[in-house]
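Notes follow once the structure below has been shown.
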Amino acid sequence: MEHKSAPIGVFDSGYGGLTVLKELEKALPQYDYLYLGDNARAPYGTRSFDTVYEYTLQAVKWLFEQGCPLVILACNTASAKALRNIQQKDLPGMDPARRVLGVIRPTAEIAGNLTKTGNIGIFGTQGTVSSHSYILELQKFFPEVKVYQEACPMWVPLVENNEHDKPGADYFVKQNINKLLTQCPNLDTVFLACTHYPLLLDKINKYIPEGMRVFEQGSIVAESLVHYLERHSDMRSRLSKGSTRNFTTTDRAENFDKQATVFYGKSVSSRRIELL
Ligand code: DGL
């Protein structure tokens with residue numbers, strides 16, 4: 001099969017993946033990026049395995065149709081519930097030369113190096129936590145490390161409703177931190193395993209105990225992609241280098257453009273597409 005060079009596809013259930021895209025761009029500014037947010041059907045965090053898989057597969061197919069040789073699932077819930085199936089069941093039949101990568105493995109690969117106590121905390125959506133993906137992935141690389149998870153169902157709505165920097169957010173942030181610490185008081189390393197949570201970082205830092213470090217995933221995923229592309233010159237040569245950024249959403253473009261700035265830090269101009 002012959003391939004023209006094309007952008008890196010970046011997919012998220014909505015806006016959150018923009019926090020990852022921001023870091024990908026910093027690390028690899030030369031490439032073109034095509035962002036897709038399934039805003040019409042977000043949030044994914046509370047949806048079933050089958051539904052997240054179905055929606056994510058549709059998104060990947062659409063990004064492939066646009067030519068993307070590489071798609072990053074910049075969504076923890078999609079990475080947790082759909083990535084393995086897509087990589088193992090769907091990709092070989094669609095186009096085995098293309099790649100779909102997620103955000104969980106890059107985090108798991110380095111997480112164990114960051115803890116001194118051997119205890120790691122994960123904040124994520126209900127879907128990510130109940131998939132146990134972090135526990136399973138971390139076990140592969142650091143079998144001696146213990147992983148404690150806390151689902152934070154209120155954190156995404158707080159961010160989506162622009163309440164993340166308001167006093168009301170403190171209550172829920174404090175509550176989930178305390179619940180995680182109740183599971184294991186001796187945590188020194190915590191990951192924000194949801195694309196929305198970096199926006200709550202100021203509040204989180206306010207309530208975590210001294211000595212505990214909180215990590216966002218954007219820069220971890222970006223660094224991992226840098227290494228991946230160093231190792232895969234075939235993929236590198238298939239990525240177009242024009243430094244363009246294009247944004248698509250399954251909901252109203254005007255709404256996306258307004259809210260995207262909160263996550264991306266810059267203004268964007270998106271267009272609406274339909275996923276089938
Ligand atoms: N993007 C999702 C994640 O990283 C959070 C938002 C959602 O629930 O759709 O898990």
Filter the range 6-24 down to the residues that are under 14 Å from TYR197 (Cα atoms), in contact with a Phe, Trp or Tyr (Cβ under 7 Å, 6 or more places away or on another chain) and part of a helix (DSSP H, G or I), then identify the one that is nearest to the ligand (Cβ to nearest atom).
GLY17
First in the range 128-143 and under 21 Å from ASP50 (Cα atoms) and within 16 Å of the ligand (Cβ to nearest atom), second anywhere and part of a helix (DSSP H, G or I) and among the charged types (D, E, K, R), Cβ under 7 Å, 6 or more apart
SER131/LYS81; GLU137/ARG105
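What's the total number of residues in the range 113-141 that are of a type outside the set (S, T, N, Q) and open to solvent by 10 Å² or more (accessible area, probe 1.4 Å)? So that I can check it myself, show each step before the final result.
Keep residues of the range 113-141 that are of a type outside the set (S, T, N, Q), which gives 114, 116, 118, 120-124, 127, 129, 132, 134-138, 140-141.
Next, from what is left, pick out any that are open to solvent by 10 Å² or more (accessible area, probe 1.4 Å): 114, 116, 118, 129, 132, 135-137, 140-141.
So the count comes out to 10.
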Picked from the range 203-217 (must be open to solvent by 40 Å² or more (accessible area, probe 1.4 Å) and out of contact with any Phe, Trp or Tyr (no Cβ under 6 Å at 6 or more places or on another chain)), the residue nearest to the ligand (Cβ to nearest atom) is GLU216
Going through the range 16-42 in order, the residues found to be more than 18 Å from TYR228 (Cβ to Cβ) and either open to solvent by less than 10 Å² (accessible area, probe 1.4 Å) or at pLDDT below 95 (or both) are GLY16, LEU18, TYR35, LEU36, GLY37, ASP38
Checking the structure you have, find out if any residue of the range 63-73 is within 12 Å of the ligand (Cβ to nearest atom), buried (at least 22 other Cβ atoms within 10 Å of the Cβ) and either on the phi > 0 side of the Ramachandran plot or among the polar types (S, T, N, Q) (or both).
no
Residue check, THR261 against (1) buried (at least 16 other Cβ atoms within 10 Å of the Cβ); (2) under 25 Å from THR56 (Cα atoms); (3) not aromatic (Phe, Trp, Tyr), all met but one. Which one?
(1)
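Only one of these is in a helix (DSSP H, G or I) and either open to solvent by less than 10 Å² (accessible area, probe 1.4 Å) or farther than 25 Å from ALA74 by Cβ (or both): LEU192, LEU200. Name it.
Numbers: LEU192 fails: in a helix (DSSP H, G or I).
Exactly one residue qualifies, and that residue is LEU200.
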In the set ASP50, ASP90, which member is in contact (Cβ under 8 Å) with a residue 24 or more places away in the chain, in a helix (DSSP H, G or I), out of contact with any Asp or Glu (no Cβ under 6 Å at 6 or more places or on another chain) and of a type in the set (D, E, K, R)?
ASP90
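The values are calculated or read from the model by the stated rules, or taken from the named source; none is laboratory data. No experiment lies behind these values; they were computed from the predicted model shown. A quick note on method: Cβ atoms are made from the backbone with ideal geometry, for glycine too, and the neighbour counts reach across all protein chains shown. When the accessible area is computed, the model is the full protein with side chains, heavy atoms only, and any ligands, DNA or RNA have been set aside. Shrake-Rupley method; radii C 1.70, N 1.55, O 1.52, S 1.80 Å.
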